[in-house]
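What follows is a set of notes on a single structure, which appears directly below.
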Amino acid sequence: MEQHLIYSFFLIFAGAAVLASIALYTRQPLLVAYIALGAAFGPYGFAWVSDIKLLDEISHIGIIFLLFLLGLDMQPSHLLHMLRKATLVAVLSSIAFAAMGYAVGVGFGFTQTESLIIGLAMMFSSTIVGIKLLPTTVLHHKHTGELVVGLLLLQDVIAIIVLLGMYSGDTSAASSGGWQYLKTLLALPLMSGFAYLFVRFVLLKLIQKFDRFHEYIFLVAIGWCLGMAEGAQFLGLSAEMGAFAAGVVLATSPISQYIATSLKPLRDFFLILFFFSIGASFNLGLISKILLPSLVMAALVLTLKPVIFRGLLTRISEDAKMGWEIGFRLGQVSEFSLLIAYLATDLNMIGIEASHVIQATAILTFLLSSYIVAFNFQCPIAIPDHLRRD
């Protein structure tokens, strides 16, 4: 297993380095290189990397670190204000996107259940793509970044409710469905309260006492992030929400920016694995069967999400230009959509073709949305030099 994992890592990172070089020379977003590499090297391509489940589990750590670093840049008072303001936008937009996905599913002859699952998968925007394309030195301390983060967090809450509903639809889990909902309802305030008290009375005191040992701070930050992520999952929330909360309660500390700088390379390592696993998990043999509905769905997502977000944001007194930018930054479907597809397939709620329509739509919108943002807005991978901001 050790040799297999090392060999897999060699292929992934050596191949990613080659394709990333080509992407930069041809001025393409790096996400394209990582996903294309996964499709080529994965079990449905050359099959050089076959243990995708293991890599997918490892790559999930990248999402956790991404949310932790985001939390380190968010002041709690600003975050609470933005969440209150964005709630109506998140709920109404989710309903509109679900209706769009359901209508396309029915139009292409999928069953009612499959169309419903497809609709649910279209409700969410990608936390990874949305946040990775935010320049941390520019937008995290501005109104646009706060709105993007607020909407994504509210969508995460809706996604958790959807996933719990799917789990409770499974006969083996139905008996505990009520308890799961109650536990989730109480979990967020309990987790937030615990995080605040632990950081104030334990973690910061330890960091202040041993702040000259940089290795210790690095170790404590990773342990705190992953510990909160695991605790959130135990309480019925997502690991991402736990990691974000872990970052937010540290955001007011002077040490937060040092931790953020230290963990960025680790985050990027795991995110490369995440995008590779997306490409590798897709069955290329089904393209002919799911190409048309996937293209239609992707086109509607890329077209309607910016329009709907812009319309709703202007109704809560946001500037139209900002509404368009936020809409385009959130103009894709989510990694939660992939999770819904995988879970629904495992529970026999949908067939393999419906699952791959969701997966193909996610991949297409990840790629095309990245292009749109990279050519038109400030981001770390912007194609025009004057828009590139880290």
Worksheet entry | Residue within region 282-291 that is in contact with a Leu (Cβ under 8 Å, 6 or more places away or on another chain) and either at positive phi or in contact (Cβ under 8 Å) with a residue 60 or more places away in the chain (or both) present | no
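Working carefully through the options TYR258, TYR342, find the one that is in a helix (DSSP H, G or I), over 30 Å from LEU54 (Cβ atoms) and at pLDDT below 90. Walk me through it before giving the result.
On the way: TYR342 fails: over 30 Å from LEU54 (Cβ atoms).
Result: TYR258 is the single residue among TYR258, TYR342 that is in a helix (DSSP H, G or I), over 30 Å from LEU54 (Cβ atoms) and at pLDDT below 90.
Residues checked against (1) under 21 Å from LEU134 (Cβ atoms); (2) of a type outside the set (A, V, I, L, M); (3) within 20 Å of the chain's Cα centre (by Cα):
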| residue | (1), (2), (3) |
| --- | --- |
| MET297 | no, no, yes |
| LYS305 | yes, yes, yes |
| LEU343 | no, no, yes |
| MET349 | no, no, no |
| LEU364 | no, no, yes |
| TYR371 | yes, yes, yes |
Discussion item. Anything in region 102-138 that is over 18 Å from SER369 (Cα atoms) and crowded, with 24+ Cβ neighbours inside 10 Å? List them, or say none.
Written reply: GLY105, ILE117, ILE118, LEU120
Discussion item. Pairs needed: first member in region 146-164, without any contact (Cβ under 8 Å) to a residue 12 or more places away in the chain; second member anywhere, in a helix (DSSP H, G or I) and not charged (D, E, K, R); C-beta distance under 6 Å; at least 6 residues apart or different chains.
Written reply: none
Response to the item:
Filtering region 296-319 down to residues that are crowded, with 17+ Cβ neighbours inside 10 Å and without any contact (Cβ under 8 Å) to a residue 40 or more places away in the chain yields PRO306, ARG310
Discussion item. Residues that are modelled with pLDDT of 90 or more and in a helix (DSSP H, G or I): does region 230-238 have at least one?
Written reply: yes
Item to complete: Mind counting the residues in region 132-154 that are assigned to a helix (DSSP H, G or I) and at pLDDT below 75?
Response: 1
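Across region 89-106, what is the total count of residues that are touching a residue at least 60 places away in the same chain (Cβ under 8 Å) and either over 21 Å from the mean Cα position of the chain (by Cα) or under 18 Å from ALA362 (Cα atoms) (or both)? Break it down stepwise before answering.
Filtering region 89-106 for residues touching a residue at least 60 places away in the same chain (Cβ under 8 Å) gives 89-94, 96-97, 100-101, 104-105.
Retained after the next criterion (residues that are either over 21 Å from the mean Cα position of the chain (by Cα) or under 18 Å from ALA362 (Cα atoms) (or both)): 93-94, 96-97, 100-101, 104-105.
Summing the residues that are touching a residue at least 60 places away in the same chain (Cβ under 8 Å) and either over 21 Å from the mean Cα position of the chain (by Cα) or under 18 Å from ALA362 (Cα atoms) (or both) in region 89-106 gives 8.
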Fill in: Unique residue being out of contact with any helix residue (DSSP H, G or I) (no Cβ under 6 Å at 6 or more places or on another chain), touching a residue at least 12 places away in the same chain (Cβ under 8 Å) and on the phi < 0 side of the Ramachandran plot when the list is ILE272, ILE352
ILE352
Practice prompt. Take PHE97 and decide whether it is buried (at least 22 other Cβ atoms within 10 Å of the Cβ), closer than 28 Å to TRP224 by Cα and either at pLDDT 80 or above or in contact with a strand residue (DSSP E or B) (Cβ under 9 Å, 6 or more places away or on another chain) (or both).
Written response: no
Worksheet item: Here are some conditions: (1) modelled with pLDDT of 80 or more; (2) hydrophobic (A, V, I, L, M, F, W, C); (3) over 24 Å from SER281 (Cα atoms); (4) touching a Ser or Thr at 6+ places or on another chain (Cβ under 9 Å). VAL91 meets all but one. Which one does it not meet?
Response: (4)
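Restricting to region 195-226, give me the number of residues that are loosely packed, with under 15 Cβ neighbours inside 10 Å and in a helix (DSSP H, G or I). Give the derivation first.
Our first condition is that a residue be loosely packed, with under 15 Cβ neighbours inside 10 Å; within region 195-226, this holds for 196-197, 200-202, 205-206, 208-216, 219, 223.
Still in the running and in a helix (DSSP H, G or I): 196-197, 200-202, 205-206, 208-209, 214-216, 219, 223.
Qualifying residue count, region 195-226: 14.
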Worksheet item: Across region 336-348, what is the total count of residues that are at negative phi and surrounded by fewer than 20 Cβ atoms within 10 Å (Cβ to Cβ)?
Response: 6
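The values are calculated or read from the model by the stated rules, or taken from the named source; none is laboratory data. Just so it is clear, the model here is predicted, and its values are computed rather than measured. Note: ideal-geometry Cβ built from the backbone for every residue, glycine included; neighbour counts use all protein chains shown.
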